Amino acid sequence: MQLKHEETTGGVAPVVETSTVSSGFEKTVPLSSISGPTYVTSQLLVQQAAYKLSDKIFSFSPETFDLDAAVKDWSQAQEKNIHGETTTVVPLQTRAGAGTFALGYIFSKDFDLSKRRIPQTLLAPSLSLRHLRAALDQLSLLYGVSSPFVAHVAAADYSNSDGLITEYESALQLAEDLGLGLVSTSSAQEVQHMALFATLLASLLPTLHVYDGLRTARETLRVVDALSESSIAEVYKCISQEAGALNKRLDTAGKVVELLRLFNSQLGTSYAPFEYHGHEAAETVLVVFGSAEAQLAKQVVDTLAAQGQKVGALNVRIYRPFIEEAFLEALPDSVRQIAVLGQVRDASAVEDASVQSALYSDVLTAVTFADRWSQEPAVVDFKYPASAVHTPSSIATVLSKITSKDDHAEVSLTLSSLEQAQQYIFWDVDNSEAVASASVLGRLLSRESFNNISVHETYNSLIQGGVVRTEIRSSEKPVDAPFAVEEADVVFVGEEKLLKEVAIVKSVKAGGKLAVRLPNFKAEEIEKRIPASVRKEIQEKSLQLFALDSSFSPALENRAQLLAELAFLQVARPDLEAEKLVKLGGLSGDQVTLVEVADALAQALHKVEVPATWAEEDAAAISLVEELKPTSFVAFDKREAESALQVSTWQEIAKGLAFQEAYSLKTELRPDLTVKTHTIHVKENRRLTPLTYDRNIFHIEFDLGTSGLTYNIGEALGIHADNDPKQVQDFIEWYGLNGDDLVQVPSRENPAVFETRTIYQSLLQNIDILGKPPKRFFESLAEFATDEAEKKKIEFLGSKEGAEEFKKLSEVDTATYVDVFQTFKSAHPSFPDLVRIVSPLKRREYSIASAQAVTPTSVALMIVVVDWVDSQGRTRQGQATRYLSGLKPGTPVIASVKPSVMKLPPKDTAPLIMAGLGTGLAPFRAFVQYRAMQKAQGKEIGSILLYLGSRHRREEYLYGEEWEAYMDAGVLTLLGAAFSRDQPEKIYIQDRMRQTMSDIVKAYIEEEGSFYLCGPTWPVPDVTAVLEEAIATEAKQSGRKVDPRKEIERLKEDGRYVLEVY
């Protein structure tokens, strides 16, 4: 039985790290600073208008959406709205019925009637509208006695297959069903105006203001004429007064038209319910709704019209009320075909002929009942799913399909406005030290007065654990480009692994530049680090390739972000010298550091030669992600929260058992552990080497009994060994602990699961107190040192500068955690802190030396005791081998099974070539046992070649009698024993293999056998060389041309070259 707290029974889910206000280049923006030409996001401008005009703001903002981040800051800072009050922000949960909270406030009998004409505002993504439907329905019915109500809706939803999507359909459908007003924003330049207009329109009917929540809302760019606080107040008050005098006989549509006229007159703008662009005599008109859709359609039809094509686009700015007269008036007389670019939920709705887009129904009705044309224009519904991402080419393709009647027409179009722009893309993993480089560079470039900069980030948490793509556009003239950069002048890749997963080079324009961060860069290894398909594309597109060696100097390792920034500027803007950068400001680091890193850049940044042969490479086709789908608005914080540990007495635990509900405790047999453990008992423990020999190699066999433990040939047995009881007790007494106190510690089977144990038990079985501490331990221990000299020494050991001394302490002195605590006595963490900073005791795994089919009730291991004399003359032993060597028959042991690469070939007749050094023979004993059993059963088995290596035949001929018996029985075909120190010249395992080359050629090459090596790593190159010789020998004999190295690689993939080395 085990006692545990419910909240600590499993792993902690990663916490999403929320960003600060999405407000341009600054983390937080004072309300008063928004004015005139300024770098902001649309999302910030919407919040500014909402805050200044509202009594209360009700927000449905999922954690990372940040739709209310700025208004919360302003409210907390007691900023005043135009009514002289602090606007209250009320966060609501995204669930059904939550909207009734706002209704309760608006229609409360205690509502301050002096605020009845002050707008109430909602900030929400479109994914929340389904939960608000009932509340908005009630509000619409009671609107005659309600405060003005406006909802600023960021069109953003989440799809399981496509991640974050721009979703308008729910807003259009809701406005139609409930009779709400609906206004659309098409760009960041007008979002503030439309937020203000929608709030004014709320005096007539409850209104939704919709804008793109993915791109338009979050792209940082320069807004030329942002309204200040005072301007918003002046415009709102002036128009509100004039709106009160509107003709009462006008219907709602007439009042909307009049209100828009007043708005245009006040601001000097020319907004209309429907806005036409394109050819004066257009025959085909595309009707669009949405931010990116409107901007792209306008620019595409203007481009095509300039080429003589009779096409146009009609942007729906006010969808509800749908003013048919204004719609028909906006269309050119020449129109013959009207195509509605209408959004539907998903691809299945696109294919379903019975599904119509919401916009199509209104357009069809208006055209059908109009008497304007002698021949009525055809109206078609060109549906697209909410997951679709529009580009100039996709809009041009839609128009081409409509005009040519060719469903397969594909058009590539580049906007002329982008021809004078510089476009850059940054790729990196989202936890990179340099991930913020792109934003810093955007801020820097924005300080050039002649520049118009836009910056947009896309996060995907499914690739490489989290990827961010940041785009920067730089131009002298403002550019509205609400789509991803397709032809970048420079692409910077911060993580080379991304080249193997994402089609990065596709987005570099021909003749452009590609810079890749390649730590430890060597020119001769470039082809190993960049995939062949990528190299081929680099050559075909005539790209310039640059490699950034961020590990060129240890001094640069802490300056990764600044180095990336300077490297990018060196590639993209070599005209910006260090002195000018200092003057502009904005880069990471102070002036001195900036100059130092700039000086080092010459040796860290390399231009790589792109040979013509790259274009001829036979690149294997690899599947790359063509389009990065956004799955989040921020990076995920991958750190897991640490559980707080407490030392308790048995009396406190007794209270928990008696009053389990009050103490949130429960009892279980065991939590669901990731490692399945079994209790087995020692059956035999015998030494294989003489007592007088300096190496203790022993055979230990366990009785499985009723434990249920099963294992396959070649697998490993995990032994959950205890620390030395005497050393543990000595430490408890020296450290001043009470061994009987209870504490929660990570389970040794699964560190994510906590179990309650005594301090003595935890040090004996859970905490690696007698193990060697890693470098990070010293970083954590330093904070507990009260002696300044000891603190500096500990910090030094944990630093890069102390690497040599740490290496000596770990490898020469072989210091344990206990040694370190006894050396630095002032560093005395509490026991819960000690548990936190000392590594958990891990199981040790050993290759199984038996086959369960042969010995069904037992499992055997062959182990060598690890012992040595440290620098102080003390004899030390390995924790697990000391534990196992001293076990007596009958002793219970906790064990688990681990899968291994050591597996027999599928065919019994496939030859086995096995090479084992010392205790590396263990799995081969199991192999031979099993083959011997098969032979005894009358089955045909393949030849078995066993090569073994050790020092002396007399002392270390491990299982020698068994091998010779197998030879006599015809199970073993060849036994090649190499005893390195029994003769003047040293003979190793590879020598025995070379002496029997013909046998290896026959078994391995001709009969397609499998080779296995188990033991230390040092013989791997020599043994592999023998196999390569065998391959070359056979190839020469058969007259074939074979590259032995490539053949070894092929054999690895086929499972015929297997290594288990340590």
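Structure data summary
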quantity: Paramagnetic reach from D407 in segment 358-397 [backbone N under 15 Å; point 7 Å along Cα→Cβ]; calculated: 381-384
quantity: Fewest-first ranking of S943, S348, using other Cβ atoms within 10 Å as the exposure measure; calculated: S348, S943
quantity: N520 versus S230: modelled label distance in nm, points set 7 Å from Cα along the beta carbon direction; calculated: 6.2 nm
quantity: Percent antiparallel among DSSP beta bridges (both partners in the chain, rounded to 5); calculated: 50 percent
quantity: Cα gyration tensor category, rounded, prolate or oblate, for segment 751-805 with a/c compared to 1.5; calculated: prolate
quantity: FRET efficiency, 1/(1 + (r/R0)^6) with R0 25 Å, evaluated for V901 and T710 via beta carbons; calculated: 0.85
quantity: Shape call, segment 27-120: gyration tensor on alpha carbons, a/c limit 1.5; calculated: oblate
quantity: Packing rank of 104-111, 144-151, 803-810, where each peptide gets the mean count of other beta carbons within 10 Å, highest leading; calculated: 144-151, 803-810, 104-111
quantity: Estimated vicinal HN-Hα couplings, Hz - segment 939-948 in sequence order (Karplus 6.51, -1.76, 1.60; Gly, Pro = x); calculated: 7, 7, 10, x, 5, 10, 10, 10, 10, 10
quantity: Set of segment 432-471 residues, backbone N closer than 11 Å to the point 7 Å along the Cα-Cβ line of L576; calculated: 438-448
quantity: Positive-end extreme of charge dipole, the chain - chosen from Q570, Q603, A202 (charges on Cβ); calculated: Q603
quantity: Cα centre as origin, Lys/Arg/Asp/Glu Cβ charges: the chain dipole, Debye; calculated: 1480 debye
quantity: Antiparallel bridge percentage (DSSP; both residues within segment 36-228; nearest 5); calculated: 25 percent
quantity: Extension gain, E376 back to L141 (0.36 nm per residue minus Cα-Cα distance, nm); calculated: 80.8 nm
quantity: ³J(HN,Hα), Karplus 6.51/-1.76/1.60, whole Hz, each residue of segment 506-516, x for Gly, Pro; calculated: 4, 8, 8, 6, 4, x, x, 10, 10, 10, 10
quantity: Residues with amide H under 5 Å from that of T689, placed H, sequence gap 5 or more; calculated: I697
quantity: Spacing of the two label points (7 Å from each Cα toward its C-beta) at E617 and N160, in nm; calculated: 3.9 nm
quantity: Amide H partners (placed H, <5 Å) of L413, local residues excluded; calculated: S393
quantity: Förster radius 35 Å - calculated FRET efficiency between L691 and D908, Cβ distance, rounded to 0.05; calculated: 0.30
quantity: Cα lying deepest toward the dipole's positive end in segment 39-86, options Q47, A69, G84, charges on Cβ; calculated: G84
quantity: Neighbour-count order for W1018, W427, W74, fewest beta carbons within 10 angstrom listed first; calculated: W1018, W427, W74
quantity: Rounded FRET efficiency, nearest 0.05, which uses the C-beta distance separating A510 from K808 and R0 of 41 Å; calculated: 0.15
quantity: Exposure proxy ranking, count of Cβ atoms within 10 Å, fewest first, for D352, D362, D68, D371; calculated: D371, D352, D362, D68
quantity: Long-range HN-HN contacts of S228 with modeled amide H, under 5 Å; calculated: G36
quantity: Peptides ranked, highest mean first, by Cβ atoms within 10 Å: ranges 824-830, 964-970; calculated: 824-830, 964-970
quantity: Structure-based [θ]222 nm, the chain - -39500 (n - 2.57) summed over DSSP H runs of at least 4, per residue, nearest 500; calculated: -9500 deg cm²/dmol
quantity: Too-long pairs where the Cα-Cα distance tops 18 Å, listed order kept, from K56/K248; K310/K405; K898/K939; K772/K898; K509/K536; K513/K536; calculated: K56/K248; K898/K939; K772/K898
quantity: Cβ charges +1 (Lys, Arg) and -1 (Asp, Glu), total dipole of segment 36-228, debye; calculated: 480 debye
quantity: Full-stretch length increase - K607, S334 - with 0.36 nm per residue and alpha-carbon distance subtracted; calculated: 92.6 nm
quantity: Karplus-derived HN-Hα couplings along segment 735-748 (A = 6.51, B = -1.76, C = 1.60, θ = phi - 60°), whole Hz, x at Gly and Pro; calculated: 7, x, 9, 9, x, 8, 5, 9, 8, 8, 9, x, 5, 6
quantity: Linear extension gain, Q937 paired with S998, 0.36 nm per residue minus alpha-carbon span; calculated: 19.0 nm
quantity: Rounded to 5, the percent of DSSP beta bridges in segment 812-953 classed as antiparallel; calculated: 40 percent
quantity: Options F979, I1005, A969, ranked by Cα towards positive dipole end of segment 969-1033, top entry (Cβ charges); calculated: F979
quantity: Cα-projected label distance for S826 with K497, points at 7 Å along beta-carbon direction, nm; calculated: 4.1 nm
quantity: Qualifying aspartates and glutamates (Cα of each under 19 Å from Cα of K775; at least 8 residues distant if same chain); calculated: E557, E783, E790, E795, E801, E804, E805, E811, D813, D819, D833
quantity: Cα gyration tensor shape of segment 839-994, rounded if a/c is under 1.5, else prolate or oblate by comparing a/b with b/c; calculated: oblate
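Coordinate-derived values only; no laboratory data. Please read these numbers as outputs of a predicted model, since none were measured by experiment. All Cβ positions, even for glycine, are placed from backbone atoms using ideal geometry, and neighbour counts span all protein chains on display.
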